[in-house]
Amino acid sequence: MISLRDVHKVYTLRDGTEVRALDGLSLDVAPGSIHGVVGTSGAGKSTLIRCLTGLEPVTSGQVLVSGRDISQLSSRELREARRQIGMVFQHANLLEQRTTAQNVAYPLYLAGVRKGERHETVARMLELVDLADRGSSYPAQLSGGQQQRVGIARALADQPAVLLCDEPTSALDPETTRSILELIRDVRDRLGVTVIIITHEMSVVRSVCDSVSLLEAGRIVESGPIEDVVSTVTSRLSRELVPVPAVPDDAVHPGEAVIDVALTAHPGQPAAAQILALVAAQGADVAGGIFETLGQAQVGRLALTLPAERTEAALAVLRDAGVHAEVRA
Ligand SMILES: Nc1ncnc2c1ncn2[C@@H]1O[C@H](COP(=O)(O)OP(=O)(O)OP(=O)(O)O)[C@@H](O)[C@H]1O
């Protein structure tokens, strides 16, 4: 559905300095999936979005959306191809003087869709985002979360194949964030749209994404389905998605060591219970830990404390059981 192949984007500043915003970026996003892109400030996230929408020409490489290389299109073809891509931003940026319904209708109006069809689509879209009764409200009469719902309805009105969400929940409180992420998942399930979410919040990735990529200095440095990423315990994404539990200094007694245990299992396997039994048999204590289900995987992170002289034996037992275990430095 979306493929970027060896994409480079170089900005040349006035003094001739070159900035490599995208530096050989390759990425595949499966149709109908929700893919998160995370990266620190300056990693190239905004540039990636602009290149995906064709707003910014790439310096080299291919940007394939629904099989068409949008870097090769004429401006008329590009306008047409952009109808395949709906955009959701941090702020909904609704037209304040227009009603909710008129805001959702606007892209359809621009695309020359007939009035009758526009009305039908707007009603369907408002229903989809659970705002069927707010079509005649103005943006100022809506909460931030409702405005974002209108933004999503507007982005989907022209039936795009792809929904690009740029920090869609960064301006929202945790509860509204949850409801917007649920809506994005619901929309994907019902319409089959492919979603890319650019975010700096790992909680967004954890709660809604099927797969994730880490963008750094214009390149994808780690990428994969959530369950694969969290199974690779030493990866950065894994450490950020499922951080090791904090252990206060006073929880570690003199002569004790801390062992970090990471496990991944599939639902139905009694992995967590087995590991806890092994831990108990080693005479170790659990100083902190989490177990949760991410994607198709159950993941666990435990911080154990035990007498330092028993660490080698405990590590051997745990590793024999197929879990990742290492002494905390
Ligand atoms: N129009 C531009 N002209 C010159 N350099 C640019 C331009 N846009 C972005 N850059 C540079 O490209 C690099 C990537 O910027 P980009 O805005 O894509 O990062 P980002 O990951 O979106 O960051 P943030 O999270 O802070 O928005 C940065 O070094 C930035 O300074």
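Tell me, yes or no, whether segment 3-20 has at least one residue that is at pLDDT 90 or above, buried (at least 17 other Cβ atoms within 10 Å of the Cβ), closer than 25 Å to Gly192 by Cα and within 15 Å of the ligand (Cβ to nearest atom).
Checked against the condition, which is being at pLDDT 90 or above, buried (at least 17 other Cβ atoms within 10 Å of the Cβ), closer than 25 Å to Gly192 by Cα and within 15 Å of the ligand (Cβ to nearest atom), segment 3-20 yields at least one hit.
Condition first: touching a helix residue (DSSP H, G or I) at 6+ places or on another chain (Cβ under 6 Å) and hydroxyl-bearing (Ser, Thr, Tyr). Now tell me which residues in segment 122-153 satisfy that.
Hit for segment 122-153 is Ser137, nothing else.
Mind listing just one residue for me: the one in segment 23-32 that is of a type outside the set (Gly, Ala, Ser) and touching a helix residue (DSSP H, G or I) at 6+ places or on another chain (Cβ under 9 Å) and, of those, nearest to the ligand (Cβ to nearest atom)?
Out of the qualifying residues, it is Leu25.
Could you go through segment 54-62 and let me know if any residue there is among the β-branched types (Val, Ile, Thr) and farther than 29 Å from Ser238 by Cα. Walk me through it before giving the result.
Restricting attention to segment 54-62, the residues satisfying the condition of being among the β-branched types (Val, Ile, Thr) are 58-59.
Adding the requirement that they be farther than 29 Å from Ser238 by Cα leaves 58-59.
The answer is yes; a qualifying residue exists.
So Thr53 passes all but one of these: (1) touching a residue at least 12 places away in the same chain (Cβ under 8 Å); (2) over 20 Å from Arg83 (Cα atoms). Which condition number does it fail?
It fails just one condition, (2).
If you go through segment 33-67, how many residues are more than 15 Å from the ligand (Cβ to nearest atom), within 17 Å of the chain's Cα centre (by Cα), among the small types (Gly, Ala, Ser) and assigned to a strand (DSSP E or B)?
Of the residues in segment 33-67, 0 are more than 15 Å from the ligand (Cβ to nearest atom), within 17 Å of the chain's Cα centre (by Cα), among the small types (Gly, Ala, Ser) and assigned to a strand (DSSP E or B).
The values are calculated or read from the model by the stated rules, or taken from the named source; none is laboratory data. All of these numbers come straight from a predicted model, not from anything done at the bench. Note that we place each Cβ from the backbone using ideal geometry, even for glycine, and neighbour counts take in every protein chain shown.
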